[in-house]
Amino acid sequence: MNLILFGAPGAGKGTQTGSLIDTYHIPAIATGDMLRAQRRAGTALGEQVKSYMDRGELVPDNLMIDIIKERLQKPDAKNGFILDGFPRTVAQAEALDRKLDQLGRRVDAVIYLRVSRQVLIDRLSHRYSCRTCDAVYNFAPQQAGNLPRCSVDGGDLYQRPDDRPEIVAHRIDVFLKHTAPLIDYYTAQHKLENIDGQMSVDDVRADITRRLSALRKGAGSR
Ligand code: AMP
């Protein structure tokens, strides 16, 4: 399965990725996590993308396309992948289609997690991330002074600079302007699975699983 998890920041892409990895045994490729890892490692690329990320702007397409092309060639992505955070522009989607075409593959489904602006803002204002492994947690802002350690690797929890309210509003606008056109792009390809991302985590997971099993059965019977 070659899957894309699609939605605005805070729509629940990262949360749903975990169960998809377990079900389909394919790697998650989260471009935001990849960029944050570059920053932590202090690479030239990390330095280059820092100001875009902290301002809630998109990193230029040419950089992102190179990163994803290289990542898709790695052996673990041979039998499928779950993309989280890519593509974010029509140019990225077109480049992805071209690359997969060269590899004799294609995107099987795009899972769109639909969430209202108010719910996104509310969710992100409660979101804290591990500084070392990017695991995500939810805490009320008044708990900010007394956060536990990350339960995965014991790392320090913090609020990502781009999860601060003023940047969050901008990231949602950037999503609407540059990324939402992909809804039409993938609808035209009959690949979009439109899911109510405001249901509980378990209900969203069940809906995704149901739709992907239907797609697999349909593919098997063709
Ligand atoms: P995320 O963790 O997916 O919310 O991404 C955090 C930030 O990384 C975004 O706000 C962008 O600055 C940058 N980023 C991640 N993926 C992409 C992408 N596909 N295209 C452009 N910028 C990206």
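Screening the candidates ILE208, ILE167 for the property of being among the hydrophobic types (A, V, I, L, M, F, W, C) and either within 16 Å of the ligand (Cβ to nearest atom) or at pLDDT below 95 (or both) yields one hit, ILE167. The number of residues in the stretch 16-33 being crowded, with 18+ Cβ neighbours inside 10 Å, more than 10 Å from the ligand (Cβ to nearest atom) and of a type in the set (Ser, Thr, Tyr) comes to 1.
Taken as a whole, the stretch 96-116 holds at least one residue that is open to solvent by 40 Å² or more (accessible area, probe 1.4 Å) and farther than 29 Å from ALA219 by Cβ. Quick check: anything in the stretch 73-81 surrounded by 15 or more Cβ atoms within 10 Å (Cβ to Cβ) and either of a type in the set (Val, Ile, Thr) or in contact with a Leu (Cβ under 6 Å, 6 or more places away or on another chain) (or both)? Looking for residues that are surrounded by 15 or more Cβ atoms within 10 Å (Cβ to Cβ) and either of a type in the set (Val, Ile, Thr) or in contact with a Leu (Cβ under 6 Å, 6 or more places away or on another chain) (or both), one finds none in the stretch 73-81, hence no. Filtered by the rule that a residue be within 14 Å of the ligand (Cβ to nearest atom) and in contact with a strand residue (DSSP E or B) (Cβ under 6 Å, 6 or more places away or on another chain), the stretch 133-164 gives VAL136, GLN159, ARG160, ASP163. Every condition in (1) free of Cβ contacts under 8 Å to residues at least 60 places away in the same chain; (2) away from the ligand (no atom under 16 Å from the Cβ) holds for LEU215 except the one numbered (1). Any residue at all in the stretch 133-143 that is open to solvent by less than 30 Å² (accessible area, probe 1.4 Å), under 17 Å from the mean Cα position of the chain (by Cα) and of a type outside the set (Gly, Ala, Ser)? Yes - at least one qualifying residue is present in the stretch 133-143.
The values are calculated or read from the model by the stated rules, or taken from the named source; none is laboratory data. Bear in mind that the values here come from a model prediction, so they are computed numbers and not experimental data. Counting neighbours? That spans all protein chains shown, and the Cβs are built from the backbone with ideal geometry, glycine included. To get the accessible areas, we keep the full protein, side chains included, count just its heavy atoms, and leave off ligands, DNA and RNA. Shrake-Rupley method; radii C 1.70, N 1.55, O 1.52, S 1.80 Å.
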